[in-house]
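Q: Here it is: the structure, laid out below.
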Amino acid sequence: MNKQAQNFAPFQCSYSPSVPEMLNALNCTIAISTYQAGKVIFLSAVNDDKLIQLPRSFVKAMGIALKEDKMAVACKDEVIVLRDSPALGAHYPKKPQVYDAMYMPRSTYYTGALDIHDVEYCEDGLCAVNTHFSCIIKIDENHSFTPIWKPDFITKITNGDHCHLNGMAVENGQIKYATAFATTDAPRAWTKSLQTSGVLIDYSTQEIILDKLGMPHSPRIHNGLLYVLCSATGELIEMNSETKVTRTVLQYDGFLRGMDFYEDFAFVGMSKIRKNSSSFGHLNIAEKSNVAGVLIVHLSTGSIVGKINYTSSVDEIYDVKILRDKKRPSILNTLTDDHKLGLTTPDTTYWSRTQEKSKNS
């Protein structure tokens, strides 16, 4: 870990030499969300030796969803939908001819404070895990949220975070699995036995497929296999969806949460645990979770082939996404007026500040 990222202070990170080389070869960028720091951060390779990062402020950034050129970011009390415009990126007035992508805010859903965790694009639209109300919801312009599913052990959709429903796995636009910390049905009752009470639930049948999990997070389907992170035990678990046979891909001394894939590699987020956390500070893993960052894991062998460690500012990561075919993307938020200056039509883009046009965005 002898490399240092060139970035906007104070977000300092170190990384193993293999990371920029891998990102450069794969032609991709790592996107992470950190609710603790209130950022979405893009980590890109400048060349085979150097990483650069772009942190952008989003209030309590949580789940990130990707679909084609769209990105949705769940925030404190809203979900912001952005769309990539490569032409706006190329002609960004502050850094022309630097970015090959530019995620621009295009709509905001005002949900209220739902404690949204995972968010994904599904066949029927944008869906999310509403942790505060223990259900999975559809997000649209009609309501704060529309419930579409709850676990059978939740008797009524009401506030209070009864089971800490947090994750959902989506395949081909269909929700397949959900994760919760417990099968409890009372406000914050899930806090009592975190290391052994977690479950993986089949979305369509309500069957509990796996139990006794330690704080399951980030269920994801990749190449027909289900992967889930057990944060309390530092495990990355793989499950065959047909046979339900599981294997531990990785055992790591850290709090793992947030995951995406590229080919035979898993990009896994890791977080520190606050020592004064009333919910997590007593966990065995808390003493070992002393760094936040990203692990790159070779799935076939379970070996760690790259690490990014934050040395300042970032303590807790929620989601990790891979931006494919994006070597140096940028993103704008709604907290400043910059995004209002970038205009798009079906065939033209326009930065109003510089009077520059570019065709066929």
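The values are calculated or read from the model by the stated rules, or taken from the named source; none is laboratory data. None of the values given here were measured: they were computed from a predicted structure. Neighbour counts run over all protein chains shown; Cβ positions are idealised from the backbone, glycine included.
Q: Is region 253-264 home to any residue that is in contact (Cβ under 8 Å) with a residue 12 or more places away in the chain, touching a Ser or Thr at 6+ places or on another chain (Cβ under 8 Å) and more than 24 Å from Tyr310 (Cβ to Cβ)?
A: Among the residues of region 253-264, at least one is in contact (Cβ under 8 Å) with a residue 12 or more places away in the chain, touching a Ser or Thr at 6+ places or on another chain (Cβ under 8 Å) and more than 24 Å from Tyr310 (Cβ to Cβ), which makes the answer yes.
Q: State the number of residues belonging to region 67-80 that are under 15 Å from the mean Cα position of the chain (by Cα) and surrounded by fewer than 19 Cβ atoms within 10 Å (Cβ to Cβ). Write out each step before concluding.
A: Kept after step one, since they are under 15 Å from the mean Cα position of the chain (by Cα), are these residues of region 67-80: 67, 70-76, 79-80.
Now restrict to residues that are surrounded by fewer than 19 Cβ atoms within 10 Å (Cβ to Cβ): 67, 70, 76.
So the answer is 3.
Q: Tally time: how many residues in region 72-115 are small (Gly, Ala, Ser) and closer than 21 Å to Thr345 by Cβ? First the steps, then the outcome.
A: Here is the first cut: in region 72-115, the ones small (Gly, Ala, Ser) are 72, 74, 85, 87, 89-90, 101, 107, 112-113.
Of the ones still in play, those that are also closer than 21 Å to Thr345 by Cβ are 85, 87, 89-90, 101, 107.
Residues meeting the conditions: 6.
Q: Taking Arg247, is it within 16 Å of the chain's Cα centre (by Cα), among the basic types (Lys, Arg) and either assigned to a strand (DSSP E or B) or at pLDDT below 95 (or both)? Please lay out each step first, then the result.
A: Numbers: within 16 Å of the chain's Cα centre (by Cα): no; among the basic types (Lys, Arg): yes; either assigned to a strand (DSSP E or B) or at pLDDT below 95 (or both): yes.
Spelling it out, it is not the case that Arg247 is within 16 Å of the chain's Cα centre (by Cα), among the basic types (Lys, Arg) and either assigned to a strand (DSSP E or B) or at pLDDT below 95 (or both).
Q: Within the bounds of region 148-156, is there any residue that is without any contact (Cβ under 8 Å) to a residue 12 or more places away in the chain and surrounded by fewer than 23 Cβ atoms within 10 Å (Cβ to Cβ)?
A: Here is the first cut: in region 148-156, the ones without any contact (Cβ under 8 Å) to a residue 12 or more places away in the chain are 156.
Those left that are additionally surrounded by fewer than 23 Cβ atoms within 10 Å (Cβ to Cβ): 156.
Looking through region 148-156, at least one residue is without any contact (Cβ under 8 Å) to a residue 12 or more places away in the chain and surrounded by fewer than 23 Cβ atoms within 10 Å (Cβ to Cβ).
Q: Could I ask something else about it? Only one of these conditions is not met by Ile317: (1) modelled with pLDDT under 95; (2) closer than 30 Å to Leu26 by Cα; (3) out of contact with any Asp or Glu (no Cβ under 7 Å at 6 or more places or on another chain). Which number is it?
A: That leaves (1) as the condition not met.
Q: Is it true that His162 is crowded, with 21+ Cβ neighbours inside 10 Å and closer than 30 Å to Thr29 by Cα?
A: Values: crowded, with 21+ Cβ neighbours inside 10 Å: yes; closer than 30 Å to Thr29 by Cα: no.
Considered against the rule, which asks whether it is crowded, with 21+ Cβ neighbours inside 10 Å and closer than 30 Å to Thr29 by Cα, His162 comes out as no.
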